[in-house]
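All of the numbers you see were taken from the coordinates with simple rules; none came from a lab. Bear in mind that the values here come from a model prediction, so they are computed numbers and not experimental data. Cβ placement follows ideal geometry from the backbone for every residue including glycine, while neighbour counts extend to all protein chains displayed.
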């Protein structure tokens, strides 16, 4: 009887699933990936990845890299004041590259700190795909 009761309790017990918490840098991006889907060869394809400074401190985009030369990434602004919105332009090169592409944009962010406090640094990786 005890075993049956224990089994029933385990079967109907609420299952708690913890989603991975986003870092402060990831929270600045409304979208955590870019999927161009299927695009025609030679097409001019780009996406403006929104970024917003949610914090009181000024945020600097100190570095912006891509995982391969099949994409380029350019920040519209390198410094975001508190509450300011901007974007990172991600372009897929469909002239020199064909077939499926899975790569990433790596955004290095630094948070300025008031005098006497330590700033913060973080890299955010945004997966990019397209075919």
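Here the spin labels are modelled as points 7 Å beyond Cα on the Cα-Cβ line, and at residue 108 and residue 89 they lie 2.3 nm apart. Length available on full extension from residue 129 to residue 55: 0.36 nm per residue minus the Cα-Cα distance, which gives 23.7 nm. For region 21-130, the Cα gyration tensor yields ellipsoid semi-axes of 29, 12, 11 Å (square root of five times each eigenvalue, largest first, whole Å).
A simple spin-label model places the labels of residue 99 and residue 63 2.9 nm from each other, with each point 7 Å out along Cα-to-Cβ. Rg/Rh for region 72-131 (Cα atoms only, Rh after Kirkwood) is 1.11. Could you pull out which residues in region 54-83 have an amide N less than 12 Å from a spot 7 Å beyond the Cα of residue 117, following the Cα-Cβ vector? In region 54-83, the label zone of residue 117 (backbone N under 12 Å from the point 7 Å along Cα→Cβ) covers 55-58.
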